[in-house]
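J.: I'd like to ask some things about the structure below.
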């Protein structure tokens, strides 16, 4: 049997085109679902944690039928979704719709959109500006080889079975990785618990009564400054912003400012070993704490904590702040979002372990983290290998490189 080389547009029952440019402002479950790029959770899956809908009359020009394939035309280009439901739905403007002609198996085309030949063509043809985009016209002109309908179905059936096995393994490894992350998050709470014998049990030592002392009595706490019109590209003073903060050590700043700028605006420099805390922000930057590995000036959304007189280890403090952040944030008074400030941080009651205990706890947590991270890294490698195996299998099947029962190469 001969595989036919063609273009995607010749397999479409109607021109491949973009969807609607309507805002996602409705969530009426009785109306057609409004599918956007961000709703796609997998090749045949829509996310359940996000939902929008449109009135039936508005949705009518862009309805989706069973067997339609939606393909992302902007942002995460190349992401595709095969609609295998009879639930009413329509699609948004950053997606394009492919509706196959009779004799073309939608599952085969869907698998082809997960293959290397498809992804390579999309990558080469992508237009990169503020976001990647790939027009409906470009999707129409993508090339592929396709066998007869019976062979398409046989390949799709084979891949349904084989990819389900791989996807099950991926799901299992993914859940294990999530459990590892939960274990890591709980680890600090277990090791630093002071309301019982948890820390002593881990460390094999006799419990010690740790006094609670306000952070302001143990460390200097001050906010950074962001002068208007600051030039972040010149100078030799490291400049750290909220985006630089991670749960570790900050060694690579966003930019540098001059000593003249620093002095002119009275900007303080936090010394190495200080603990920096994100005061406001969304997602990854809010509430994160890190140790400064360098001397740096800080922007206004960061507080610096500089331990003094040797009673408080900065690494120990950073671990405590991981636990205390939610409680500290609840004391914030941001207008639109919870915010920390110096006064809240100064008032934080630090469970002050003896210096040798602080160091021992830091080492214990570091050792435990390393073991957990080694397991997590092994799981991530397995996930990568499984995903690579899946794509290689799909590519080989839809291009006729492997022998499949009922399919001639």
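J.: So residue 71 passes all but one of these: (1) assigned to a strand (DSSP E or B); (2) surrounded by fewer than 22 Cβ atoms within 10 Å (Cβ to Cβ). Which condition number does it fail?
T.: (2)
J.: Hey, another quick one. Inspect region 196-215 for any residue being under 35 Å from the mean Cα position of the chain (by Cα), more than 30 Å from residue 374 (Cα to Cα), at pLDDT 85 or above and not in a strand (DSSP E or B) and give the result as yes or no. Show your work before the answer.
T.: First, the residues of region 196-215 that are under 35 Å from the mean Cα position of the chain (by Cα): 198-199, 202-203, 215.
Subset that is more than 30 Å from residue 374 (Cα to Cα): 215.
After this cut, where a residue has to be at pLDDT 85 or above as well, the list is 215.
Cutting the leftovers down to not in a strand (DSSP E or B) gives us 215.
Looking for residues that are under 35 Å from the mean Cα position of the chain (by Cα), more than 30 Å from residue 374 (Cα to Cα), at pLDDT 85 or above and not in a strand (DSSP E or B), one finds at least one in region 196-215, hence yes.
J.: Check residue 311 against each of (1) at pLDDT below 85; (2) in contact with a helix residue (DSSP H, G or I) (Cβ under 8 Å, 6 or more places away or on another chain) and name the one condition it does not meet.
T.: Going through the list (1) at pLDDT below 85; (2) in contact with a helix residue (DSSP H, G or I) (Cβ under 8 Å, 6 or more places away or on another chain), residue 311 breaks only (1).
J.: Within region 150-184, track down each residue that is surrounded by fewer than 18 Cβ atoms within 10 Å (Cβ to Cβ), closer than 16 Å to residue 106 by Cβ and touching a helix residue (DSSP H, G or I) at 6+ places or on another chain (Cβ under 9 Å).
T.: Hits for region 150-184 are 153, 157, 160.
J.: Within region 110-138, can you find the residues that are part of a helix (DSSP H, G or I), within 21 Å of residue 92 (Cα to Cα) and at pLDDT 95 or above?
T.: Of the residues in region 110-138, the ones part of a helix (DSSP H, G or I) are 110-112, 116-125, 136-138.
Right, trim to within 21 Å of residue 92 (Cα to Cα) and you get 110, 122, 136-138.
110, the sole residue that qualifies.
J.: Taking region 32-49 on its own, how many of its residues are touching a helix residue (DSSP H, G or I) at 6+ places or on another chain (Cβ under 6 Å) and either surrounded by fewer than 16 Cβ atoms within 10 Å (Cβ to Cβ) or part of a strand (DSSP E or B) (or both)?
T.: The number of residues fulfilling the criteria is 2.
J.: Could you list, in sequence order, all residues of region 345-360 that are part of a helix (DSSP H, G or I), buried (at least 17 other Cβ atoms within 10 Å of the Cβ) and in the same structural domain as residue 221 (by TED's automatic domain parsing)?
T.: 345, 346
J.: Restricting attention to region 148-159, does a residue exist that is assigned to a loop (DSSP other than H, G, I, E, B) and either in contact with a strand residue (DSSP E or B) (Cβ under 8 Å, 6 or more places away or on another chain) or under 15 Å from residue 394 (Cα atoms) (or both)?
T.: Quick first cut of region 148-159, residues assigned to a loop (DSSP other than H, G, I, E, B) only: 148.
Cutting the leftovers down to either in contact with a strand residue (DSSP E or B) (Cβ under 8 Å, 6 or more places away or on another chain) or under 15 Å from residue 394 (Cα atoms) (or both) gives us none.
No; the residues of region 148-159 include none that is assigned to a loop (DSSP other than H, G, I, E, B) and either in contact with a strand residue (DSSP E or B) (Cβ under 8 Å, 6 or more places away or on another chain) or under 15 Å from residue 394 (Cα atoms) (or both).
J.: Sticking with this one: Scan region 84-107 for residues that are part of a loop (DSSP other than H, G, I, E, B) and farther than 16 Å from residue 38 by Cβ and jot them down. Step through it out loud before you land on a result.
T.: We begin by selecting, within region 84-107, every residue part of a loop (DSSP other than H, G, I, E, B); these are 84-88, 93-94, 99, 101-105.
Correct list: 84, 85, 86, 87, 88, 99, 101, 102, 103, 104, 105.
J.: Moving on. Kindly check whether there is at least one residue in region 13-31 that is crowded, with 21+ Cβ neighbours inside 10 Å, at pLDDT 95 or above and out of contact with any helix residue (DSSP H, G or I) (no Cβ under 6 Å at 6 or more places or on another chain).
T.: Looking through region 13-31, none of the residues is crowded, with 21+ Cβ neighbours inside 10 Å, at pLDDT 95 or above and out of contact with any helix residue (DSSP H, G or I) (no Cβ under 6 Å at 6 or more places or on another chain).
The values are calculated or read from the model by the stated rules, or taken from the named source; none is laboratory data. Keep in mind that this is a model prediction, so the values were computed, not measured. Note that each Cβ is placed from the backbone with ideal geometry, even for glycine, and that neighbours are counted across all protein chains shown.
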